[in-house]
1. Failed condition for residue 16, given (1) assigned to a strand (DSSP E or B); (2) at positive phi, with all others met?
2. Return the residues of the stretch 19-49 that are outside any strand (DSSP E or B) and either touching a residue at least 60 places away in the same chain (Cβ under 8 Å) or among the charged types (D, E, K, R) (or both); say none if nothing qualifies.
3. Could we say that residue 40 is under 25 Å from residue 137 (Cα atoms), surrounded by 16 or more Cβ atoms within 10 Å (Cβ to Cβ) and not basic (Lys, Arg) here?
4. Evaluate the stretch 82-97: report whether one residue or more is among the small types (Gly, Ala, Ser), without any contact (Cβ under 8 Å) to a residue 60 or more places away in the chain and more than 16 Å from ligand 2 (Cβ to nearest atom).
5. Which residue out of 104, 60 is part of a helix (DSSP H, G or I), touching a residue at least 40 places away in the same chain (Cβ under 8 Å), more than 22 Å from residue 119 (Cβ to Cβ) and charged (D, E, K, R)?
6. I need every pair where a residue in the stretch 117-135 that is closer than 13 Å to residue 80 by Cα has its Cβ under 6 Å from the Cβ of a residue that is of a type in the set (D, E, K, R), sequence separation at least 6 or different chains.
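A short reminder: the numbers here are calculations on the coordinates, not readings from a lab. What you see is a predicted model; the values in this text were computed from it and never measured. Cβ placement follows ideal geometry from the backbone for every residue including glycine, while neighbour counts extend to all protein chains displayed.
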Amino acid sequence: MEWTFAMVKPDGVKRGLIGEILKRYESKGLNLVAAKVIWPSLELLQKHYEEHKDKPFYNDLIRYMMSGPVFAMVLEGDNAVRIVRLLNGPTKIEDAQPGTIRGDFCTNTTFNIVHGSDSLESAKREILLWFPEYANKI
Ligand code: RTP
Ligand code: MG
């Protein structure tokens, strides 16, 4: 069974979408292995978004992600990494079709409601970062 890391971002939490988003993941066949509401620190976000530190959208991204609590989770299932990405929808909002979470609930490429790890390697790194107490389970 594969594990991935996913997150309802601050705008999704503020809009009361945790339940709706979790329902989509669970209805598809993924199960929670860990979950928590956490207001992330600058340090945690700098580590999480390390790969984007030189991108033009980086400062906006960090400010956005520090604007309130997020719902962080570990999900388990066959092909969990790929499936969460498909349910979330593509990064560029103009490509996000209705039926995906981004396609149904947002209009902006930066303020885009959800995160999902982009590979098995990223999933492992992100799970250890957000849920270090799972280090002996992964
Ligand atoms: P995520 O990591 O959150 O699942 O999103 P992603 O893989 O689809 O997108 P990624 O390229 O990893 O970008 C991380 C987050 O940065 C913001 N972003 N803004 N304005 C822009 O051009 C832009 N591009 C990316 C989004 O919040 C994106 O999810
Ligand atoms: Mg990404």
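1. Residue 16 satisfies all of (1) assigned to a strand (DSSP E or B); (2) at positive phi except (1).
2. 20, 21, 23, 24, 25, 26, 28, 43, 44, 47, 48
3. The answer is yes for residue 40.
4. no
5. Just one listed residue meets the conditions, 60.
6. Correct list of pairs: 117/126.
One line per residue, one yes/no per condition, for (1) under 15 Å from the mean Cα position of the chain (by Cα); (2) closer than 19 Å to residue 1 by Cα:
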residue	(1), (2)
30	yes, yes
36	yes, no
57	no, no
67	no, no
70	yes, no
